[in-house]
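Below is one structure; the comments refer to it alone.
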Amino acid sequence: MASTAVNLVLEKLGELVSSDVAGILNLDAEVKPLTETLALIQSFIRDADQKPRYEQSHSLHEWMRQIRNLAYEMEDLVDEYAMQVGRASAADGRISRLQRIAAFPSRIRTRRLLASRLQDIRARFQDVCKQAWQLGIQGSSSLPTSSSSSSSSSSAADATLARRFELEEDIVGFDEDMKDIKRQLFDVSLTARVVLSVVGPGGLGKTTLANKIYRSADVKNYFQCKAWVSVSQKYVVKELLCSIVKQAFDFKDEQVKGMEELEMKEKLSEHLSDRRYLVVMDDIWEVAAWNAIKAAFPKESTGSRVLLTTRKMNVANVADVPPHELKFWNVEESWNLFCRKAFRTACCPPEFERFKEDIFKKTKGLPLAIVVLGGLLRGTSQASDWRKKLEYISYEFREGEDQILRILALSYHDLPHHLKPCFLYFAAFPEDYCVSAERIKRLWIAEGFIQTKDKVDQTMEDVAEAYLKDLTSRSMLQIERWGQLYIREVHIHDLLLDLARHEARELNFFRSIDDIGDDPRALRRLSVTENVDDHISSNCLTTKLRSLVIYPNEGFQRTLAIAIPGAKFLRVLDLQKVPIEHLPKEIGDLILLRYLSLSRSKLKELPPSIGNLIHLQTFNIGNTKIQHLPDAFWKIRTLRHVFLNEENTSMPKATYCSEDIQTLVNISSGPWVRDGVLEKLRNLRKLHLNNISSSDEDALANAVQNLSRLDMLVLNGESLPMSFLTSSCYHHIQFLILRGPWVRPARIHMEAENSRIFSNLIYLAIWLTRLEKDEDIAMLASLANLQCLLLCDDAFVGRVLVFPKGGFPRLQHIELYELSALEEWEVGEGAMPVLQELILWHCRNMRMLPEGLVRLTELKQIEIRGMEMIERRVDKDTGEDYHKIKHVPCIEIN
C-alpha cells in the first residue's frame, strides 16, 4: 500500500503546484524534483507489490514501510498547507481588502516554511533510496500479471453501459443438494415446524444454495410467509428479530423502531401460528443465536420450516433432522465452474485442458477458491503464464497447509495497484454488510483512489464503475441487483473480508475501533461498529485520521464533539443512521472534507459553518428533519452529489451552484429553476425535484431538454405538465418517476412519431396522476423500450384499463397498486409479449383478470395482495380465472 500512499501524495503535489499562490515562493521549483523522485519510487514499489510474499525479503518490507511512512508524512504536510489555504480563502470572503493585505506577510512565512520542509522530506526520500541501492533491494518481479491489469478502467469505453453494468454470476451445481433439502421442505408427513440445517466450511456455497432454494418458484408458492436473516459471528438479537418482523409483516423501519424483543417474539408467534412459513438463518455461528429467538417460531405451524446454514457442526445438530453436509465438488464439477469463470463458457481451449487436475488439486473442490482462481487467470492468455501462477500458489505450502487461503491472497496481490486500495476499503464494513454500489464508488472518489488523468471523456464516477466491474469480474466482490431501479448492492465473502482486514491491518490502511494497534495516533482510517463510548478516546481520534466511518449505535453524541476538532484532516465522515441530534459547529473546520453523510440521523439543523467545506463532493442529509441550508453551502464549487430530505429544502434565488454536480435529490423547485440555474447544471445525471407548480412548466421543460446527461428524473408536485410524456425532446431519460396530478392540455399534441417519444425510457412509475382516457394509456403503450411500469395510488382513475393491441412491446415488469376505481383490465392481442412479472396490490374493485394473460407465455411470477374477489377467482380448484394463469410457475397470493 506504499504505492497508494505515494500516488495520493503525487496527486496532492499536483494540486499544490496549480494553486493560485504557489508561485509566490517558487514552490514549483521545490515540488518538481520531489515529484520526479516520487514517480521513480512509485514505479519501484509497483514492481515490488507484484511479488508473492515469499519473494519479499524482510529488508524490502522494512524499506517499503519507511517509504509509506515518509509518504504519509508528506501527505500530512501538504494537507496542513491545503487546510491553511482553505481557511484563508474562507476568511477572505468575510474580511476587507485592507485586512487581506495585512495578513499577507504571515502567509508568506507559511509558504517559506512549507518550501523548507519539502526540501527536507525530499532529502530523506533520497537517503532511503540510497539505502535500498546499498542493500541490493530490488523491486522487479517475474510474476506474470493479467493482461487486463494495466488497462482495467480503459476497457469501459462506453460510460453509460459502465454505469449500468451488473454481473450476475451463473449459479451452477447443487442440483442433488437442492432436491434433498426441498424434499424435506415439502414433506407433508412432517406436520409440525421442522428445523433443517446445512453445514460445511466457508466458501463451499451454503449461502448460495440456501438463496437458490429460497428464491425458487415452488418454494415461493408453497410457503405463505418467508424471511431471510444473516446472523454472522457478531449479532444483536433485537436486530435479528427486527429484520424478521419487517419481512413477515411488510413493515417499515419506523414501525418496528419502538418494539422490544419480547413484543416482537409474541407478534411473530401469533402471526405465524396459522401460516406455513419458512425462515432462513444464514451464517449462524453459535447455538445461543438460535435459542435466543426460537420462541418466535411456533412449533404447531403446519408444514413450517426453519433452515440454518453454518460452519459449526454443534450448531447444525440443533436441527430436528440430520444436518445436510455439503460436499466438496468433484473434478468435473470444479472444472466446469472454473471454465465458466476463466473463459465465460463451459468449453475450454485444448491447450489449457492439461491444467484440470492441477487446478482441482489446488482448489480442493471449494467453489469460492475455484471462481477466484478463475478470475485470477481469466486475463492470462498464455499457457506458460498459467503454469507460473499455479507454481507460485504451491511454492511456500507444504502438505496440510491451506492452499485455498493462498489462492485468495494471490488474487489480491495480482490486483493492479489502483484496485488494491478499493478492495481493502471493504475492511471498513462489518461482516455480512451490504453496501450500495453508488455509496462505495463515492467513498473511493472522496479518498482519492480514482484517477482520471488519462481517461478521455470519463468522469471519476465512470472510472469508479469500471474499477467495481473489474473487482467483480475477478470474483473479489459480488453484486446483487434489487428492485426495478437497478439499485445494486455489493457483498464480499467472509473469507475475502478476512483477507481484506488482515492486509489493511498490516499496512495501517484501515482499522476497526476494537483493533486500533500499538500506536493509535498513527491511524489513517477508522471504522466503529460497537458502542463508541466503551472504546474511543481523544487518544485514537488523532489529527492524522482521514476517514471515520460509524455504524449505528447509541451514545455517540458526546464523543462526536471530541472527534471532529481533533481530526482536522478528515476527508470522509460517514455517520449514516447514527442517532446524533446535534452537529458541532467545528464541522466547518474540516476544510478537506469530501464526503459527509448524515442520512437517517436525528438532526434538525446544521451549523452555518457547513458552508466552509470548500472541498465537499458528497453531501447526504436524506431522511433527517433538516429544513434549511446556509446560502454559502450552494457556493461550494466541488459539489457532485447532494441528497436532501423532503422538508422543503430549496436553493436561494439566483444562486451559484457547482457545474460538476451530478446528483440532486429531494430539492424543492422555486425561483432558482425559473431563473435558469437548473439549466446550467449540464453534468446532472440524477434529479429529484419536489413542490413543482404550474409556473415552473416552461423553465423546467426547457432545462430538462438541455440536460443531455440526465438519465433519471423524479418530479413531485401539485401540477405536472403532461408535455413530459408527449415531447420527443427527452430521449436521454431512462428512468422517470412522476408523482402528482397531470395538467392536461385541451388536446394532446404529439410532437413526433410515438417511437421517438422517450425513446430510451426503460422505467416509468407514476402516482396520483389521475389518468382516465384510453388515449393516455395508448401513449404509454407506445414507449418502445419501456421495461418496467408502475401505476400507483390512483395514477389511473378510469373504470376500464385498456392495453392496446401490440402495446408495451418490451415490458417485463408491471405493478398495479391502489387503483381504487379500476373494475376491468383488458389486454389486447400482442400486448406485453415478454412480460415476466405481474404485481397486483389492493385494486379492490377489479372483478376479474384479463383473458389476455393466457397469451403471456414468458410470465414467470404473479403476486396478488389485498384483492379478495380476485383471490377467489384464481383458486386452483374452483376459480373461474385460474385457467388464465395456470401456466405461470410462481403465483403468490396473500
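The values are calculated or read from the model by the stated rules, or taken from the named source; none is laboratory data. Only a predicted model underlies this, so the values are computations on that prediction, with no experimental measurement involved. Every residue, glycine as well, gets a Cβ built from its backbone with ideal geometry; the counts of neighbours run over all protein chains shown.
Inside segment 718-741, residues that are touching an Asp or Glu at 6+ places or on another chain (Cβ under 8 Å) and at pLDDT 85 or above make up a count of 6.
Consider segment 869-890 and keep the residues that are of a type in the set (Lys, Arg), out of contact with any Gly (no Cβ under 6 Å at 6 or more places or on another chain) and not in a loop (DSSP other than H, G, I, E, B). The one that is surrounded by the fewest Cβ atoms within 10 Å (Cβ to Cβ) is ARG872. When the criteria are applied in full, ILE893 meets the requirement of being surrounded by fewer than 16 Cβ atoms within 10 Å (Cβ to Cβ), among the β-branched types (Val, Ile, Thr) and over 23 Å from VAL797 (Cα atoms). Taking segment 795-839 as the region of interest, the strands (runs of 3 or more DSSP E) fully inside it that hold 2 or more residues being under 22 Å from PRO889 (Cβ atoms) are 813-817, 824-827. Consider segment 852-868 and keep the residues that are farther than 18 Å from GLN224 by Cα and part of a helix (DSSP H, G or I). The one that is nearest to the chain's Cα centre (by Cα) is LEU853. Selection of segment 644-680 for residues being closer than 19 Å to ILE733 by Cβ and touching a strand residue (DSSP E or B) at 6+ places or on another chain (Cβ under 7 Å) yields ILE661, GLN662, THR663, LEU664, VAL665, ASN666, ILE667, SER669. Here VAL279, VAL219, VAL231 are screened, and the one residue that is surrounded by fewer than 21 Cβ atoms within 10 Å (Cβ to Cβ), β-branched (Val, Ile, Thr) and either modelled with pLDDT of 90 or more or not assigned by TED's automatic domain parsing to the domain that holds LEU308 (or both) is VAL219.
Residues GLN451, GLN458, GLN478: which one is within 13 Å of the chain's Cα centre (by Cα), among the polar types (S, T, N, Q) and outside the structural domain of ARG594 (by TED's automatic domain parsing)? Steps first, please.
Numbers: GLN451 fails: within 13 Å of the chain's Cα centre (by Cα); GLN458 fails: within 13 Å of the chain's Cα centre (by Cα).
Criteria check complete, one pass: GLN478.
Can you confirm whether segment 323-339 contains a residue that is in a loop (DSSP other than H, G, I, E, B) and under 30 Å from HIS271 (Cβ atoms)? Checked against the condition, which is being in a loop (DSSP other than H, G, I, E, B) and under 30 Å from HIS271 (Cβ atoms), segment 323-339 yields at least one hit. Of the residues making up segment 613-631, not a single one is crowded, with 18+ Cβ neighbours inside 10 Å, of a type outside the set (Lys, Arg), part of a helix (DSSP H, G or I) and in contact (Cβ under 8 Å) with a residue 40 or more places away in the chain. Restricting attention to segment 290-310 and to residues that are surrounded by fewer than 21 Cβ atoms within 10 Å (Cβ to Cβ) and among the aliphatic types (A, V, I, L, M), the residue that is nearest to ARG183 (Cα to Cα) turns out to be ALA295. Among the residues making up segment 841-852, those that are hydrophobic (A, V, I, L, M, F, W, C) and in contact with a helix residue (DSSP H, G or I) (Cβ under 7 Å, 6 or more places away or on another chain) are MET846, MET848, LEU849.
Suppose we keep only residues that are modelled with pLDDT of 85 or more and in contact with a Ser or Thr (Cβ under 9 Å, 6 or more places away or on another chain) within segment 451-463. Which one would you say is farthest from ASN683 (Cα to Cα)? Looking at residues that are modelled with pLDDT of 85 or more and in contact with a Ser or Thr (Cβ under 9 Å, 6 or more places away or on another chain), I get VAL463. Residues that are buried (at least 16 other Cβ atoms within 10 Å of the Cβ), of a type in the set (D, E, K, R) and closer than 16 Å to LEU308 by Cα are absent from segment 245-266. Of all residues in segment 326-349, how many are surrounded by 18 or more Cβ atoms within 10 Å (Cβ to Cβ), under 30 Å from the mean Cα position of the chain (by Cα) and among the aromatic types (Phe, Trp, Tyr)? Residues in segment 326-349 being surrounded by 18 or more Cβ atoms within 10 Å (Cβ to Cβ), under 30 Å from the mean Cα position of the chain (by Cα) and among the aromatic types (Phe, Trp, Tyr): 1 in total.
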